[in-house]
Amino acid sequence: MKILKFSAVVAFLGLSILPGHAAGLQIIQVPQDSHGPALTGAVWYPCAATPTNIKIASFDVNAVQDCAIIGVKHPLIVISHGAGGTFGNFHTLAELLTDQGFIVAAINHPLDSGQSKVRNPGDIASMVQRPMDISRLIDFILYNWRDGARIDAARLGFFGFSRGAFTGLDLIGANPDWTRLLQNCPVYPGNRFCEQIRSGPIAPTSHDARIKAAIIADAPGGPLFTHAGLSNVSVPLQYWASERGGDGVSPADAGLIVQNLPVKADFRVVANSGHFDFLPPCTPEFAALTAEDEPELCTDKTGFDRAAFHKQFNAEILTFFRKHLVEANP
């Protein structure tokens with residue numbers, strides 16, 4: 001386990017990333033099918049045009065909308081947001097990866113996105129459906145997106161935060177034991193998880209063997225992932241944890257999961273950080289929107305520099321995916 005502090009080394013890491021290609025951006029709609037409702041999302045991809053500022057919801061995205069893609073055999077990274085999040089939460093990471101030749105895709109999880117009209121995070125289906133959402137996104141990008149033929153399907157990675165990290169564990173082979181939640185039921189308005197668990201077996205989540213490497217950031221539910229439940233996880237895994245936790249994520253969750261993994265994870269604990277520090281720095285617009293009801297989304301503990309952290313965080317993510325999806329599979 002590494003306890004990470006962030007300082008002037010960030011500047012070096014930032015400068016070590018050489019510019020490659022601008023980020024093209026296309027808003028996508030994955031059609032409704034027998035496995036779930038329509039999914040709204042975005043794809044970032046390499047293009048040769050000069051990026052400009054694009055406003056998407058409360059995000060300022062640096063990209064070129066609908067420009068022509070360049071290159072072939074690009075690795076693909078899919079992103080899963082946390083509870084109440086959106087496909088744009090990690091757009092700065094997507095822009096960096098795209099600039100280095102990756103294609104990045106993300107969607108709003110219908111039952112668990114702040115932009116969804118049918119959001120119901122207190123229904124356990126909001127967790128169980130998430131992995132299928134991502135598998136459907138992968139299917140769409142590989143087989144129905146206009147430039148899917150330019151992707152190397154053998155180089156597919158995953159990044160997820162919070163409930164998105166839980167989603168990623170499921171996708172790479174984990175099987176949560178939902179009955180263990182009954183020992184400490186979450187209590188907040190609208191939550192029905194334990195009621196539903198007591199009512200009968202919870203449908204198993206789906207796995208996706210196409211994912212060849214994964215990065216997990218502050219997953220909740222550590223006690224749900226036993227050694228037996230994690231026994232099928234075999235892909236290279238980088239696991240990030242906040243030192244202080246928050247929003248239902250205990251600092252002990254990561255340790256429980258990493259300890260039970262059959263593979264050795266690249267485990268990093270971020271010193272002095274809270275759960276929401278894994279979200280990029282808030283724009284003034286977003287900070288104003290959340291100031292009254294959810295100030296913790298944009299407020300850091302004294303001494304923690306979220307902007308500096310995310311420069312190194314994103315650089316480390318790029319390095320991991322280069323190692324396991326590019327260099328390991330030339």
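A few remarks follow.
- Looking across ASP293, ASP277, one residue alone is at negative phi and more than 21 Å from the chain's Cα centre (by Cα). It is ASP293.
- Number of residues in segment 310-330 that are among the polar types (S, T, N, Q) and crowded, with 16+ Cβ neighbours inside 10 Å equals 2.
- Considered as a group, the residues in segment 264-277 that are within 14 Å of ILE216 (Cα to Cα) and of a type in the set (A, V, I, L, M) include one that is surrounded by the most Cβ atoms within 10 Å (Cβ to Cβ), and that residue is VAL270.
- PHE225 vs. criteria closer than 28 Å to PHE87 by Cβ and out of contact with any Pro (no Cβ under 7 Å at 6 or more places or on another chain): no
- Qualifying positions in segment 72-130 - over 15 Å from the mean Cα position of the chain (by Cα), modelled with pLDDT under 95 and charged (D, E, K, R): ASP99, LYS117, ARG119, ASP123
- Residue within segment 178-189 that is closer than 29 Å to ASP300 by Cα, modelled with pLDDT under 95 and of a type in the set (A, V, I, L, M) present: yes
- Residues located in segment 155-194, provided they are farther than 21 Å from THR226 by Cβ and surrounded by 12 or more Cβ atoms within 10 Å (Cβ to Cβ): ARG155, LEU156, GLY157, PHE158, PHE159, PHE161, GLY164, ASN191, ARG192
- Qualifying residue in segment 275-296 (condition: more than 29 Å from ASN62 (Cα to Cα), in contact with an Asp or Glu (Cβ under 7 Å, 6 or more places away or on another chain) and polar (S, T, N, Q)): no
- So GLY122, is it within 27 Å of THR290 (Cα to Cα) and of a type outside the set (Ser, Thr, Tyr): yes
- Of all residues in segment 208-235, those that are under 24 Å from PHE313 (Cβ atoms) have Cβ atoms under 7 Å from Cβ atoms of residues that are in a loop (DSSP other than H, G, I, E, B) and at pLDDT below 95, 6 or more apart or on another chain, in PRO220/GLY248; GLY222/SER250; VAL233/VAL263.
- Flag if ILE79 is touching a helix residue (DSSP H, G or I) at 6+ places or on another chain (Cβ under 9 Å) and not in a helix (DSSP H, G or I): yes
- Residue match in segment 307-318 (condition: under 26 Å from ILE77 (Cβ atoms) and in contact with a His (Cβ under 9 Å, 6 or more places away or on another chain)): no
- Filter result (under 29 Å from THR205 (Cβ atoms) and either surrounded by 23 or more Cβ atoms within 10 Å (Cβ to Cβ) or in contact with a Cys (Cβ under 8 Å, 6 or more places away or on another chain) (or both)) within segment 40-73: GLY41, ALA42, VAL43, TRP44, TYR45
- Residue, modelled with the lowest pLDDT, within segment 21-37, restricted to residues that are exposed (fewer than 12 other Cβ atoms within 10 Å of the Cβ) and not in a strand (DSSP E or B): SER34
- Residue count for segment 48-90 under the criterion of being charged (D, E, K, R) and closer than 23 Å to LEU318 by Cα: the result is 2.
- THR205 being modelled with pLDDT of 95 or more and either among the β-branched types (Val, Ile, Thr) or exposed (fewer than 14 other Cβ atoms within 10 Å of the Cβ) (or both): no
- Being out of contact with any Pro (no Cβ under 9 Å at 6 or more places or on another chain), loosely packed, with under 15 Cβ neighbours inside 10 Å and free of Cβ contacts under 8 Å to residues at least 24 places away in the same chain holds for only one residue in GLU292, GLU285, GLU296, and it is GLU292.
- Qualifying positions in segment 131-146 - buried (at least 19 other Cβ atoms within 10 Å of the Cβ) and more than 19 Å from the chain's Cα centre (by Cα): TRP145
- Just so you know, in segment 208-254 the residues that are in a helix (DSSP H, G or I) and within 19 Å of the chain's Cα centre (by Cα) include one that is surrounded by the fewest Cβ atoms within 10 Å (Cβ to Cβ), and it is PRO251.
- Positions within segment 283-330 being of a type in the set (Val, Ile, Thr) and closer than 27 Å to LYS55 by Cβ, in sequence order: THR283, THR290, THR299, ILE317
The values are calculated or read from the model by the stated rules, or taken from the named source; none is laboratory data. Computed from a predicted structure; not experimentally measured. All Cβ positions, glycine included, derive from the backbone under ideal geometry; neighbour counts span all protein chains shown.
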